[in-house]
Amino acid sequence: MTVELLVQQFYTDVRTVERLSENTAKTYSESVLLFLRWLSEEKIKLSSITVKNLVYYLVWRKTNGCDERTVAKDISALRLFGSFLKRKNYWQENFALPLDRPKAGRSLPRVLSVEQVDAFLNAIDLSKPLGVRDRALFELIYSCGLRISEAAGLKIQNLHLNERVLVVSGKGGKERMVPFGEAAKIRLEAYLTEVRPSLVGTRVIDEVFVNYQGKPLSRKGIWKNFQVYETKSGINAKVHTLRHSFATHLLAGGMDLRSVQELLGHSDLATTTIYTHVENSQLRETHKKFFPGHKNEDREV
């Protein structure tokens, strides 16, 4: 059996048996493919694998520049791959189970100020049809805190302009209802009435956002367009930074943590709490900026 065929079988298995999302299954399949190619280069047979071989592979990954998060992802992929191989009788046992995931340091997400978000959005050229589309797209991502995959997969039937609400299909296929602001509504109306019909023509396309050919706009396409406006605006960010900024701005405005969790689609409240640390960090930096004489003073009152 070829490496590619084995990886394809693994992908199908984790989608149907483990019921992982498409994006996670693809990520894990890529990790497994790298591992199998390493085995080939090292002339190690898959049937004769030991835990020591797996450890050597992870050390090789680490020494080639992979951070702890990537190594942790590789370990998760290898554990699932081992489970798959055991079920298919390629392995007598799952040799990847003893591997321990490294505890990756949790860095605070990058967040833009409201002014920076405005500067980024204002860098989009509205005189061009695709600029009208991109303004609506990124305005909506920020207004709803969408993941890039959620924006790309948003369906016309799940967009309710008059109510200013959309239904999002998030991780694991979980749906949530998210409201959006008046600014996003205005931009969406302009795109849907002035631009999208000419791009789509007579075809029936379910996705809200389409490319210049009238086909669904891909995650990669969104990412590439974002980079263009990032350069124009001088704002250093990623598409996901708009989601981080959305959450942080809501908390700074007084919204409770549980509501922000619901809007973001986090299954665990602990995931949402990182934004409280971002907010506190920003407050401290602002205080240091305007009150430099009080940076390190502990005063009794």
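Below, the figures for the structure above:
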| item | result |
| --- | --- |
| Once the Cα gyration tensor of the range 114-288 is diagonalised, semi-axes √(5λ) in Å | 28, 19, 13 |
| Debye log10 I(q)/I(0) at q = 0.11, 0.18 Å⁻¹ for the range 3-87, Cα point scatterers | -0.27, -0.75 |
| Full-stretch length increase - Asn158, Met177 - with 0.36 nm per residue and alpha-carbon distance subtracted | 5.9 nm |
| Extreme residue, positive dipole direction of the range 134-256, given options Val200, Gly253, Val165 (C-beta unit charges) | Val200 |
| Gyration tensor over alpha-carbon atoms, the range 36-168, equivalent ellipsoid semi-axes in Å | 45, 19, 14 |
| Segment Lys238-Lys215, length gained on full extension (0.36 nm per residue, minus Cα span) | 5.9 nm |
| Amide H within-cut-off set for Leu146, under 5 Å, with H built and near neighbours excluded | none |
| The range 25-43 versus the range 149-193: alpha-carbon centroid distance in Å | 37 Å |
| Estimated distance in nm for a label pair at Ser127 and Ser113, the labels positioned 7 Å out from Cα along Cα-to-Cβ | 3.0 nm |
| Calculated [θ] (222 nm, deg cm²/dmol) that DSSP helices of n ≥ 4 give over the chain, each run adding -39,500 (n - 2.57) | -17500 deg cm²/dmol |
| Gained length - Glu4 relative to Asn64, 0.36 nm times residue gap less alpha-carbon distance | 19.3 nm |
| Distance histogram in 20 Å bins (all Cα pairs of the chain, percent per bin) | 27, 48, 24, 1 |
| Length-normalised contact order for the range 3-87 - Cα pairs under 8 Å, 6+ apart - percent | 35 percent |
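Coordinate-derived values only; no laboratory data. The structure displayed is predicted, hence computed values, not measured ones. Neighbour counts are summed over all protein chains in view; Cβ atoms, including those assigned to glycine, are modelled from backbone coordinates with ideal geometry.
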